[in-house]
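Working notes, beginning with the structure itself.
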Amino acid sequence: MAKTDTLPPIAHPARAEITVEGVLRALADPVRLAIVRQLASTDQEIACGGLTVPVTKSTLTHHLSILRQAGVVAGRQEGTTRFNSLRRNDLDALFPGLLNGVLAAPR
């Protein structure tokens, strides 16, 4: 792909398509929960390489894909870097208190 070409936007479910079952299923994995905890600890996006989890790059990509498909995180591509952010506003609007409860739970 040439530098002037733009990549298609990364697909995310619309707010109305996010289900509590999908969110809870995505958060049930310890690695995905660790990713969400890291994203929740900042107001800034975090590049995939900036996430600290004990998995390979391809496994990290898989976990981020599951979180994105469930509507928990959003991804944005910039050049060769993918930035991730927590969809806190959407999750809080749909399921008030859920994310805070999950994040406050003991590890």
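Every number in this text was worked out from the coordinates using simple rules, so none of it is lab data. Only a predicted model underlies this, so the values are computations on that prediction, with no experimental measurement involved. FYI the Cβ positions are ideal-geometry reconstructions off the backbone, even for glycines, and counts take in every protein chain you see.
The Cα-based radius of gyration and maximum Cα-Cα distance (Dmax) for the chain are 13.9, 47 Å.
Estimated from the Cβ-Cβ distance and a Förster radius of 22 angstrom, the FRET efficiency linking residue 59 and residue 37 is about 0.80. Taking the chain as a Gaussian network of alpha-carbon nodes connected by springs under 10 Å, the highest mean-square fluctuation of the residues 79, 97, 71 belongs to 79.
Packing around the peptides 11-17, 25-31, taken as the average count of other Cβ atoms within 10 Å per residue, puts them in this order, highest first: 25-31, 11-17. Say we join alpha carbon atoms closer than 10 Å with springs in a Gaussian network model of the chain; which of 65, 41, 85 then has the biggest fluctuation? So, out of 65, 41, 85, the one fluctuating most is 41. Taking every alpha-carbon pair under 8 Å whose residues sit at least 6 apart, segment 4-76 reaches a relative contact order of 49 percent. Karplus-based coupling profile of segment 17-26, in residue order and whole Hz: 8, 7, 10, 5, 4, x, 5, 5, 4, 5, with θ = phi - 60° in 6.51 cos²θ - 1.76 cosθ + 1.60 and x standing for Gly or Pro.
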